[in-house]
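Q: Below you will find the structure I want to go over with you.
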Amino acid sequence: MPSPKFITRRQALKTGALAALALPAFGSLPGCTTPPEKKTARRPSTLRLGVASYSTRQMSLDDTISTLHVLRITNVGLFKAHCPWETATTDQCRAVGEKLRAAGIALTGSGVINLPNDEAVVRKAFENVRAAGMTTMVCKPDVAALPLVEKFVREFDQRLAIHNHGPEDLVWSSALAVWNAIQPLDARIGMCLDVGHAARFGLDPVAVIHQCATRIYDVHMKDSSAIPGALKDIPVEVGAGRLDIPGILGALIAINYSGVVAFEYEKNASNPVTGLAESVGYVRGVLAGMS
């Protein structure tokens, strides 16, 4: 086995046993939400893998759950298409959380929840997240709303992760902008590092991981062919783009990252399952090579 630094995409896919790809076609997934039988031993991993359900935004929640079972993924960051965090009732959010738990899936994060400088709106988002039992709220607060957000973090004892976007975002375009903004805030307010957007902004995600280690609470894993500075992303399967995926994974292991690495596959919204499985298999192969 070559060293992880030089592992090829083909070797990673092979090691990750992407025989995955006896997957059901999109639209043919069963709506069953019962947990899969515990027949297959889990592959050992030094990182907790998950899926950001923005990847499956055109699929139902039931089919998303079935896809997670096929991938043997038990952590999800749930996009608003599967639970409208900003507008749903607490009962609706509680029911979604219970459905996930019954299916053996942990609700570890969310799609990006907007937090304007409006106390009633922010309180509702916090109440909905608590009702569902979400570990970390992934969010985009207005800069002016940060004192209000911090107030609710303390009241609800809720962990937050501000999501960085790319250069087209006028508020949180850079992971380092997030890092600088959270320094004086409650330690429960951290960062959701989107490695693809960080690279597109022109940062080295590996360096960001080391610099911001103490406040990275969630990671969105993706790959891209876009060049630094591009205002539009070109998403590809993880391992097929410009990002140093082995370096990113190695950095997360080096800082003892304990959160979830959530795949956010954006290339094919209408039929994401195969590309998502290929991405998961590639990362599992890299991790297996590292171990």
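Q: Among P184, P141, which is the only one that is open to solvent by 20 Å² or more (accessible area, probe 1.4 Å), free of Cβ contacts under 8 Å to residues at least 60 places away in the same chain and more than 22 Å from K222 (Cα to Cα)? Working first, answer last.
A: On the way: P141 fails: open to solvent by 20 Å² or more (accessible area, probe 1.4 Å).
None of the other options fit; the residue is P184.
Q: Looking at the stretch 200-213, which of the residues that are open to solvent by 20 Å² or more (accessible area, probe 1.4 Å) and either hydrophobic (A, V, I, L, M, F, W, C) or in contact with a strand residue (DSSP E or B) (Cβ under 9 Å, 6 or more places away or on another chain) (or both) is nearest to I255 (Cα to Cα)? Working first, answer last.
A: The first filter runs over the stretch 200-213 and keeps only residues open to solvent by 20 Å² or more (accessible area, probe 1.4 Å), leaving 201-204, 206-207, 210-211, 213.
After this cut, where a residue has to be either hydrophobic (A, V, I, L, M, F, W, C) or in contact with a strand residue (DSSP E or B) (Cβ under 9 Å, 6 or more places away or on another chain) (or both) as well, the list is 201, 203, 206-207, 213.
Values: F201: 23, L203: 18, V206: 11, A207: 11, A213: 6 Å.
Of everything passing the filter in the stretch 200-213, A213 is nearest to I255 (Cα to Cα).
Q: Could I ask something else about it? Check A131 against each of (1) open to solvent by less than 40 Å² (accessible area, probe 1.4 Å); (2) touching a Phe, Trp or Tyr at 6+ places or on another chain (Cβ under 9 Å) and name the one condition it does not meet.
A: (2)
Q: Taking into account only those residues within the stretch 67-101 that are among the β-branched types (V, I, T) and touching a His at 6+ places or on another chain (Cβ under 9 Å), which is surrounded by the most Cβ atoms within 10 Å (Cβ to Cβ)? If you could, list the steps in order and put the result at the bottom.
A: At the first step, the residues of the stretch 67-101 found to be among the β-branched types (V, I, T) are 67, 70, 73-74, 76, 87, 89-90, 96.
Filter once more, so that each one left must be touching a His at 6+ places or on another chain (Cβ under 9 Å): 76, 96.
Values: V76: 28, V96: 23.
So, considering only residues that are among the β-branched types (V, I, T) and touching a His at 6+ places or on another chain (Cβ under 9 Å), the one surrounded by the most Cβ atoms within 10 Å (Cβ to Cβ) is V76.
Q: Can you find a residue that is among the basic types (K, R), within 17 Å of P116 (Cα to Cα) and open to solvent by 10 Å² or more (accessible area, probe 1.4 Å) anywhere in the stretch 157-169?
A: To start, the set of residues in the stretch 157-169 that are among the basic types (K, R) comprises 159.
Narrowing the set further to residues that are within 17 Å of P116 (Cα to Cα) leaves none.
Scanning the stretch 157-169 turns up no residue that is among the basic types (K, R), within 17 Å of P116 (Cα to Cα) and open to solvent by 10 Å² or more (accessible area, probe 1.4 Å).
One line per residue, one yes/no per condition, for (1) open to solvent by less than 20 Å² (accessible area, probe 1.4 Å); (2) of a type outside the set (S, T, Y); (3) touching a residue at least 24 places away in the same chain (Cβ under 8 Å); (4) out of contact with any strand residue (DSSP E or B) (no Cβ under 7 Å at 6 or more places or on another chain):
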{"residue": "R188", "(1), (2), (3), (4)": "no, yes, yes, no"}
{"residue": "L193", "(1), (2), (3), (4)": "yes, yes, yes, no"}
{"residue": "K222", "(1), (2), (3), (4)": "yes, yes, yes, no"}
{"residue": "V236", "(1), (2), (3), (4)": "no, yes, yes, no"}
{"residue": "A251", "(1), (2), (3), (4)": "yes, yes, yes, yes"}
{"residue": "F263", "(1), (2), (3), (4)": "yes, yes, yes, no"}
{"residue": "P272", "(1), (2), (3), (4)": "yes, yes, yes, yes"}
{"residue": "A277", "(1), (2), (3), (4)": "yes, yes, yes, yes"}
{"residue": "V286", "(1), (2), (3), (4)": "yes, yes, yes, yes"}
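Q: Moving to a separate point now. Please work out which one of (1) surrounded by 23 or more Cβ atoms within 10 Å (Cβ to Cβ); (2) outside any helix (DSSP H, G or I); (3) not β-branched (V, I, T) is the condition S55 fails and give its number.
A: (2)
Q: Here is a follow-up. Which of the residues spanning the stretch 77-128 are part of a helix (DSSP H, G or I), in contact with a helix residue (DSSP H, G or I) (Cβ under 9 Å, 6 or more places away or on another chain), closer than 19 Å to I65 by Cβ and in contact (Cβ under 8 Å) with a residue 40 or more places away in the chain?
A: K99 - this is the single residue of the stretch 77-128 that is part of a helix (DSSP H, G or I), in contact with a helix residue (DSSP H, G or I) (Cβ under 9 Å, 6 or more places away or on another chain), closer than 19 Å to I65 by Cβ and in contact (Cβ under 8 Å) with a residue 40 or more places away in the chain.
Q: Kindly indicate whether L243 is aliphatic (A, V, I, L, M), open to solvent by 20 Å² or more (accessible area, probe 1.4 Å), more than 21 Å from F79 (Cβ to Cβ) and over 19 Å from the mean Cα position of the chain (by Cα). Before the answer, list the steps.
A: Values: aliphatic (A, V, I, L, M): yes; open to solvent by 20 Å² or more (accessible area, probe 1.4 Å): yes; more than 21 Å from F79 (Cβ to Cβ): yes; over 19 Å from the mean Cα position of the chain (by Cα): no.
Taking the combined requirement at face value, the residue does not satisfy it.
The values are calculated or read from the model by the stated rules, or taken from the named source; none is laboratory data. Computed from a prediction, not measured in an experiment: that's the story for all the values here. As a convention, Cβ positions derive from the backbone with ideal geometry for all residues, glycine included, and neighbour counts pool all protein chains shown. With ligands, DNA and RNA removed, areas are computed over all heavy atoms of the protein, side chains included. Shrake-Rupley method; radii C 1.70, N 1.55, O 1.52, S 1.80 Å.
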